[in-house]
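A quick write-up on the structure given underneath.
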Protein chains: 2
Amino acid sequence: MQARLAAEAETIQAHLSRVLAPFGTGPVAEGMRYATQGGKRIRGFLVMESARLHDVPETAAIWPATAIEALHAYSLVHDDLPAMDNDDLRRGQPTVHIKWDEATAILVGDALQSLAFELVAHPDCGPAEVRAGLTLSLARAAGGQGMVLGQALDIAAETATTPLSLDEITTLQAGKTGALILWSATAGACMAHADMTPLSTYARALGLAFQIQDDVIDVTGDAAAAGKAVGKDAAAGKATFVSLLGLDGARARSASLVDAACDALSCYGERGERLRDLARFVISRQS
Amino acid sequence: MQARLAAEAETIQAHLSRVLAPFGTGPVAEGMRYATQGGKRIRGFLVMESARLHDVPETAAIWPATAIEALHAYSLVHDDLPAMDNDDLRRGQPTVHIKWDEATAILVGDALQSLAFELVAHPDCGPAEVRAGLTLSLARAAGGQGMVLGQALDIAAETATTPLSLDEITTLQAGKTGALILWSATAGACMAHADMTPLSTYARALGLAFQIQDDVIDVTGDAAAAGKAVGKDAAAGKATFVSLLGLDGARARSASLVDAACDALSCYGERGERLRDLARFVISRQS
């Protein structure tokens, strides 16, 4: 699985380098390249695989795959800012505001969000109907009713007097990480005008399992393996899936979510195996 | 002219309120509403008028008009942040990071950018071909080769050892304010699949005249009338059109640009008069 992820990551990386080449050599362009390097490319992989399942050509799927990675990178750059999570380290490297400065990091994130929409609306991505549809769903997944809403709930949770309940944390997660995962996993079906229900069910379970595993890593991982600071949530007294379910409970919950995710793909038969492998990988990862 | 601008502003405001209603009552949603209130709506007006010139229905044009105002509002919210221009006052009101906090201001700007693309890709905006085309051009105008590039050049200019030349300032302006004005003024022609050349020529001249007048206001205006801090550029020893051309020279330049902008619309005859009025208004305004 990791080899397959790595191969897809390389394809996505090459395409990102290509589209960023005309942006020149200023700090914002350099910061955009820096921020879009590395990472597991799980979201891009989901786009590529869901496209493959529906016989959408890779030359079309690479555009939304790169778009979602640009959008994800923007969210990390802004999330790491001092006024937000205040993180110095990301993927084992200094964060953008540490390597450059805060103004550059704000602009790099802003430009990466624009880039995501530029990529998803690119003519090579498919017919106009597909591009307009992907733009609309991506904007909704990213914005104030999707990812950004989740981030805002996350920040509010840090200063709340009572810790969040399991329901509240699940809502928060559905926005913060779930919305982009859902968009990614359904992109291929959307491009092929196919039924998005099986991939939606898969993505909702996967997204939640992914976040639970993140919380597990925050408790059990070490910073070197995770490539970022760990133990922050516990130190901040924040409610997490682990604090609410216990470590064993959280692991059991993510395992059953992965089973549900895999089952949701039964209509795809053997062809769904790569996405099932990804789901299993998500809860085995340590970073 | 001001009455016509005000009437169009009201239409745009009403539409923004409608599309923001489902965003709920959290700080990000409230901040989005707050940040999109007021302003002259020059960009939205340009969209509506260029659409009218090409017989594009108002019910379609309102979507890109609202989109560009959401995008403009995002750029102001981020531009006002302490790490950027560090402004406490905007349109006579506390800026978003003053009224709420920095994290909220970052998220409000991010969500407003997403909203802009959600609006421009909305089905009621027109056929998919139009929506995909507007998305692509808006993403390019907003991003690291357009507006954000201009903002980055502006920040670099503040710490540069030698002041910018007239050419450099013109390039900076073409990105920072020119790109969105160009997009707005050509949106109607784009929606009608018409020749965009006359409106492009108009918009380039108008955008430059607009920025020159901004520099004039920074020198001659008072904060109460401008609704924001003035005199900042001179205090910072920054090169501006006024410092490079002198006050009279800057005024003469913007007047001749407005003439050029008006001339560019000759093919539209009488129908172009509203956009000519707007160009004249732009260099007469004091805020």
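The values are calculated or read from the model by the stated rules, or taken from the named source; none is laboratory data. Note that the structure is predicted; figures quoted are calculated from it, not measured. Neighbour counts run over all protein chains shown; Cβ positions are idealised from the backbone, glycine included. Note: areas computed on protein heavy atoms with side chains; ligands, DNA, RNA excluded. Shrake-Rupley method; radii C 1.70, N 1.55, O 1.52, S 1.80 Å.
With the condition kept exactly as written, say whether any residue in segment B:106-114 is β-branched (V, I, T), surrounded by fewer than 22 Cβ atoms within 10 Å (Cβ to Cβ) and modelled with pLDDT of 95 or more. Break it down into steps so the answer makes sense when it comes.
Step one: filter segment B:106-114 for residues β-branched (V, I, T), giving B:106, B:108.
Next, from what is left, pick out any that are surrounded by fewer than 22 Cβ atoms within 10 Å (Cβ to Cβ): none.
Taking every residue of segment B:106-114 in turn, none turns out to be β-branched (V, I, T), surrounded by fewer than 22 Cβ atoms within 10 Å (Cβ to Cβ) and modelled with pLDDT of 95 or more.
If you scan segment A:175-199, which residues turn out to be open to solvent by 10 Å² or more (accessible area, probe 1.4 Å) and over 27 Å from A:A239 (Cβ atoms)?
Scanning segment A:175-199 gives A:T186, A:C190, A:M191, A:A192, A:H193, A:A194, A:D195, A:M196, A:T197, A:P198.
Please verify whether A:G144 is in a loop (DSSP other than H, G, I, E, B) and under 20 Å from B:A29 (Cβ atoms), treating the condition exactly as stated.
Values: in a loop (DSSP other than H, G, I, E, B): yes; under 20 Å from B:A29 (Cβ atoms): yes.
Spelling it out, A:G144 is indeed in a loop (DSSP other than H, G, I, E, B) and under 20 Å from B:A29 (Cβ atoms).
I'd like to know if segment A:40-59 contains one or more residues that are more than 14 Å from every other protein chain (Cβ to nearest Cβ), open to solvent by 50 Å² or more (accessible area, probe 1.4 Å) and at pLDDT below 95.
So far as segment A:40-59 goes, yes, one or more of its residues are more than 14 Å from every other protein chain (Cβ to nearest Cβ), open to solvent by 50 Å² or more (accessible area, probe 1.4 Å) and at pLDDT below 95.
State whether the residues of segment B:122-135 include one that is without any contact (Cβ under 8 Å) to a residue 24 or more places away in the chain and in contact with a Phe, Trp or Tyr (Cβ under 8 Å, 6 or more places away or on another chain).
As a first pass, look at segment B:122-135 and keep what is without any contact (Cβ under 8 Å) to a residue 24 or more places away in the chain: B:123, B:127-129, B:131-132, B:135.
From what's left, in contact with a Phe, Trp or Tyr (Cβ under 8 Å, 6 or more places away or on another chain): B:135.
Yes; the residues of segment B:122-135 include at least one that is without any contact (Cβ under 8 Å) to a residue 24 or more places away in the chain and in contact with a Phe, Trp or Tyr (Cβ under 8 Å, 6 or more places away or on another chain).
If I ask for residues that are small (G, A, S) and either open to solvent by 10 Å² or more (accessible area, probe 1.4 Å) or out of contact with any helix residue (DSSP H, G or I) (no Cβ under 6 Å at 6 or more places or on another chain) (or both), which ones from segment A:115-127 would you list? Working first, answer last.
Kept after step one, since they are small (G, A, S), are these residues of segment A:115-127: A:116, A:121, A:126.
Of everything in segment A:115-127, just one residue is small (G, A, S) and either open to solvent by 10 Å² or more (accessible area, probe 1.4 Å) or out of contact with any helix residue (DSSP H, G or I) (no Cβ under 6 Å at 6 or more places or on another chain) (or both), namely A:G126.
Do we have any residue at all in segment A:71-85 that's in contact with a strand residue (DSSP E or B) (Cβ under 8 Å, 6 or more places away or on another chain) and part of a loop (DSSP other than H, G, I, E, B)? Explain how you work it out, then say what you get.
Step one: filter segment A:71-85 for residues in contact with a strand residue (DSSP E or B) (Cβ under 8 Å, 6 or more places away or on another chain), giving A:76, A:80.
Remaining after also requiring part of a loop (DSSP other than H, G, I, E, B): A:80.
Yes, that holds for at least one residue.
Sort through A:A203, A:A260 and tell me the only one that's surrounded by 19 or more Cβ atoms within 10 Å (Cβ to Cβ) and among the small types (G, A, S). Step through it out loud before you land on a result.
Details: A:A260 fails: surrounded by 19 or more Cβ atoms within 10 Å (Cβ to Cβ).
Answer to the check: A:A203.
Among A:R131, A:R33, A:R91, which is open to solvent by 10 Å² or more (accessible area, probe 1.4 Å) and under 16 Å from the mean Cα position of the chain (by Cα)?
Exactly one residue qualifies, and that residue is A:R91.
Kindly establish whether B:D124 is more than 9 Å from chain A (Cβ to nearest Cβ), closer than 23 Å to B:L20 by Cα and assigned to a helix (DSSP H, G or I).
Details: more than 9 Å from chain A (Cβ to nearest Cβ): yes; closer than 23 Å to B:L20 by Cα: yes; assigned to a helix (DSSP H, G or I): yes.
Criteria met by B:D124.
From the list B:L149, B:L172, B:L136, B:L153, which residue is open to solvent by 10 Å² or more (accessible area, probe 1.4 Å), facing chain A (nearest Cβ under 7 Å) and touching an Asp or Glu at 6+ places or on another chain (Cβ under 9 Å)? Break it down stepwise before answering.
Details: B:L149 fails: touching an Asp or Glu at 6+ places or on another chain (Cβ under 9 Å); B:L172 fails: facing chain A (nearest Cβ under 7 Å); B:L153 fails: facing chain A (nearest Cβ under 7 Å).
B:L136 is the lone residue from the list that is open to solvent by 10 Å² or more (accessible area, probe 1.4 Å), facing chain A (nearest Cβ under 7 Å) and touching an Asp or Glu at 6+ places or on another chain (Cβ under 9 Å).
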